[in-house]
Amino acid sequence: MKTYLPQIERRILVRPNQTYGILNYDLDNAYPQRMLELVAGSPTAKDCWNKRTKFIAGNGLEEKDLGKQIINAKGLTIAKLLKALATDKALFTGFGIHINYNADFRITSVSYVKFEDIRMGDTDNAETADKFALYSDWGRKTWKNIMRSKVTFLDKYNPEPEVISEQVCKAGGWEHYKGQLFYFNPEVDDYPLIEADSVWEDFETEAGIKIFNNREVTTGFLPSTMLFMQSRREEAENTRPDADTYTGINIPTQLEKDLGAFQGAKSAQKIIVIEYEDESSKPEFKAYPIQNNDKLFETTERSVEARIIKGFSVPKELINAEKSSGLSNGSEKKQAILEFNDNTAADRLELSETLAEIFSRFYKDINPGKNWNIIPVTAIAADDNPGIKAGNAINELLQSTLPRESKIAALVYAYGFKQAEAEAMCL
């Protein structure tokens, strides 16, 4: 008996790009850009990203007023830098910081660099090895081709005075020196995957469900219908001066315009009148049965949402708080916050150590206490009064002598439960 083990392809392929002297971030060199688009189209993924960012950034730095310190000529503060780094760390698991020095080899400027704009230099290219390429449109959204003249190369972070002196000499002096890039990457000589790369297909699925629902609304939830009619006698007027230019493009007839206007959420209550001369020319509308998509999409949406939440390692209580039973006293959410604080503790520590490393070499002492710890998100008290009151009110409703239909209506319209959930609670 033969056995076959299917090979699992790598999620990204890193290949040298000799044209630009970089290592491609996947075959199209646009893996981060594609992931950003997918996350933007998925409400659950975007929510999970925001939650991870919030917990990694925490409630700011422990050292009071440290976040207000300005660290470059553009007015960037440490608090804004922390939030930007946490945002990239939450999704890409890495981040980038641009650093520049003065002649005393002290850091004078610290700037945030978007992680998706960074590409590693080709290690086999003597000119770009140990460098990073920065460009704002690797995904070619603005320009069809990458403009080599706008690709900026920065040296790898190394604060040793001898190294900086050598880099300055190669650049042609301090006035031409562009500084270094601190590139935090959890991988070794490779590009990292996003936090929830294992479920990025579900981002696309959820976005597709959203588009489907929008299409159903804009067509007024009309059933799929076929129109049978004789060859149209009323032809559209397609004679126009530029007919040669628009060959094959016909102006719709009045019937086609009326049918188009009849569809849509805003036209659901309109009446359409179709005239015909005899029975043989009477149009016939026939609905053709299709699979019931409502239940199918509802089940798919729930499973997709659950996988995305799991992929980001976010406790479901923090994403679906509004779907909780309402009978809880808040202990579940408090426990979820404590758990997620533990899960993101390593991320906060990495950010703290990075800030401590960089600003220990700053041209002025902005943190005499040397405390760069980040305050974790505060857990909600378990004895949340609004939660207790809501839970008690629902319990009283369920135990009352009101008819079952009244209880269900109250749970749906007053407390926001779904119909099926309300019915299950009133069994």
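The values are calculated or read from the model by the stated rules, or taken from the named source; none is laboratory data. Small disclaimer: the values here were computed from a predicted structure and weren't measured. Cβ placement follows ideal geometry from the backbone for every residue including glycine, while neighbour counts extend to all protein chains displayed.
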If residue 42 satisfies every condition in (1) at pLDDT below 95; (2) crowded, with 18+ Cβ neighbours inside 10 Å; (3) closer than 27 Å to residue 16 by Cβ but one, which is the exception? (3)
Hey, among the residues in the stretch 151-196 that are among the charged types (D, E, K, R) and closer than 30 Å to residue 308 by Cα, which one's surrounded by the most Cβ atoms within 10 Å (Cβ to Cβ)? 195
What pairs can you find where one residue is in the stretch 404-427 and on the phi > 0 side of the Ramachandran plot, the other is of a type in the set (Ser, Thr, Tyr) and assigned to a helix (DSSP H, G or I), and their Cβ atoms are less than 9 Å apart, with a gap of 6+ or different chains? none
Positions within the stretch 77-106 being basic (Lys, Arg) and either farther than 13 Å from residue 52 by Cβ or surrounded by fewer than 21 Cβ atoms within 10 Å (Cβ to Cβ) (or both), in sequence order: 80, 83, 106
